[in-house]
Structure formats: structure tokens, C-alpha cells
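Since the structure comes first, as C-alpha cells, the remarks are kept for the end.
The values are calculated or read from the model by the stated rules, or taken from the named source; none is laboratory data. Every value quoted in this text rests on a predicted model; they were computed, and no experiment measured them. Here Cβ is always computed from backbone atoms with ideal geometry, including for glycine, and neighbour counts include all displayed protein chains. Keep in mind that these areas ignore ligands, DNA and RNA; they rest on the heavy atoms of the full protein, side chains included. Shrake-Rupley method; radii C 1.70, N 1.55, O 1.52, S 1.80 Å.
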Amino acid sequence: MVREVKMAPLRPLDDFLLNSARYQLPNFSDLDKWGNRVTNNFLYYQTNYFLMAVMIFLLVAVIHPVEMLSGMTAMVLAFGLFYYLTNAKPGVDRFKKEHPLISVGLMLATGYFFVYVIGGVLTFVFGTLLPIFVAFIHASLRTRNIKNKIVNKIEGLDVFQKTPMGLFLDTLVGVTDAVDADFETQLARKAKGLLHDIGSKSKSN
């Protein structure tokens, strides 16, 4: 059965990058806590990360249009050739036996083509991996405040499980269950402090 897919809300720029955003190096010795932070941010800011990835990819394409086009073409041809060879192996073997010189010529021409466009391939790979790297750095450094955690919890984990990022993370050993448990423990620990702050502000007003 096909699961319904929904897009997560686009978070405000102020929350994502600007004034209200807080950054802190993760505790590299506590991989579980670091992983929870990254997972939570990937779920919460997934639409922002998607738009950021598109903009970075397009920026690289504008700066290096020829290399990106040649690299993309080479990657498509490489995957297409791989798919064809894996599904037509008997015919390919027969062609190599019947036309050995032509086969060698095609192999040399293919190798020369990929060497010729290797710069474009590297540019395309760079333009593809750079957004992922930037998103991971942001998710690692961006600390979550209690407001975002409450909003995340109110929106519901079942909603996140229907988003593209939620469906992807759900394939990784029950990662969404770990996120849900992390929300519960964090909210339980900070709820008293939040209520105390709200009560203090009400009395002062």
C-alpha cells in the first residue's frame, strides 16, 4: 500500500538562520545526543533544507553551466549503460564474440568520453553533495529551543512519518521512534521550567 506523502511546513527564515537561531558545537563524544539533534532538525527543517539544496545546486549550475550539463549527461549515460548491460548481458556477450574489433573500439570511445567529461562529473557531484553537507552542518550546529520542540510535538510524529524526510528516516532502524522518545524526555524535563517562566512573566505584567 502506498503511503500518503505530505510536505512539512516551511519554517520562518528568522527561526532557520537569523536572529532567533542559536548555534552550538555538538558533543562529539555523545553520538546519540548528536544524532538526535541532527534527526530532529532534519525532520523539522526538511522543507527549508530542500529549498536550500535547490538554490545551492542552481547556483553551482549558473557558475559552471557547461560542466554541470556535461556531468549530468555523463551520469545519465553511465547509469543507462549500466542498466542496459546488466539486463542484456547474453546479447552483449554475443556481440563481443561476433564483432571483437568494434567492441574494443566502443570501449575505447566510451572510456575517452568519460575521461573528457571527468571535470563535469566532478562538478556535478560537487553540486549534488554540497547541499547535503551544508544541511548536515546546519543540523549539527542548530540547537532547538523549547518552542520548536513543542511545535514539533504538537504537529505530531505521524505527520512527520508521512513527509519525504520522515519516510526516508523511517527506513533507518526505527529512527522516528527514537525521535518520539527524545521529544518525550526533553519535554518532560523542561515543561516545569517553561511553565515557571510563563507564570513569572504573568506576575510581572
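Where the second residue is of a type in the set (Asp, Glu) and the first is in a helix (DSSP H, G or I) and lies in segment 122-142, which pairs have Cβ atoms under 6 Å and are six or more apart or on separate chains? Listed by first residue and then by second, the contacts come to THR123/GLU67. Taking the criterion of being among the aliphatic types (A, V, I, L, M) and either closer than 26 Å to VAL121 by Cα or modelled with pLDDT under 75 (or both), the residues of segment 76-108 that qualify are VAL76, LEU77, ALA78, LEU81, LEU85, ALA88, VAL92, VAL104, LEU106, MET107, LEU108.
Residues checked against (1) in contact with a Phe, Trp or Tyr (Cβ under 9 Å, 6 or more places away or on another chain); (2) small (Gly, Ala, Ser); (3) in contact (Cβ under 8 Å) with a residue 12 or more places away in the chain:
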site	(1), (2), (3)
ASN48	yes, no, yes
GLY71	yes, yes, yes
GLY80	no, yes, no
LEU85	no, no, no
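Residue under question is PHE28, and the condition is that it be in a helix (DSSP H, G or I), of a type outside the set (S, T, N, Q) and surrounded by fewer than 14 Cβ atoms within 10 Å (Cβ to Cβ); does it hold?
no
The sole residue among PHE57, PHE113, PHE50, PHE79 that is open to solvent by 40 Å² or more (accessible area, probe 1.4 Å), in contact with a Leu (Cβ under 9 Å, 6 or more places away or on another chain) and under 25 Å from PRO131 (Cβ atoms) is PHE57.
When segment 13-31 is filtered for residues that are more than 15 Å from ALA139 (Cβ to Cβ) and under 19 Å from the mean Cα position of the chain (by Cα), only LEU13 remains. For segment 92-110, does any single residue satisfy the condition of being within 23 Å of GLU67 (Cβ to Cβ) and either out of contact with any Cys (no Cβ under 8 Å at 6 or more places or on another chain) or not hydroxyl-bearing (Ser, Thr, Tyr) (or both)? Yes, because at least one residue in segment 92-110 is within 23 Å of GLU67 (Cβ to Cβ) and either out of contact with any Cys (no Cβ under 8 Å at 6 or more places or on another chain) or not hydroxyl-bearing (Ser, Thr, Tyr) (or both). Only one of the listed residues (LYS96, LYS33) is in contact with a helix residue (DSSP H, G or I) (Cβ under 7 Å, 6 or more places away or on another chain), of a type in the set (Lys, Arg) and open to solvent by 60 Å² or more (accessible area, probe 1.4 Å). That residue is LYS96.
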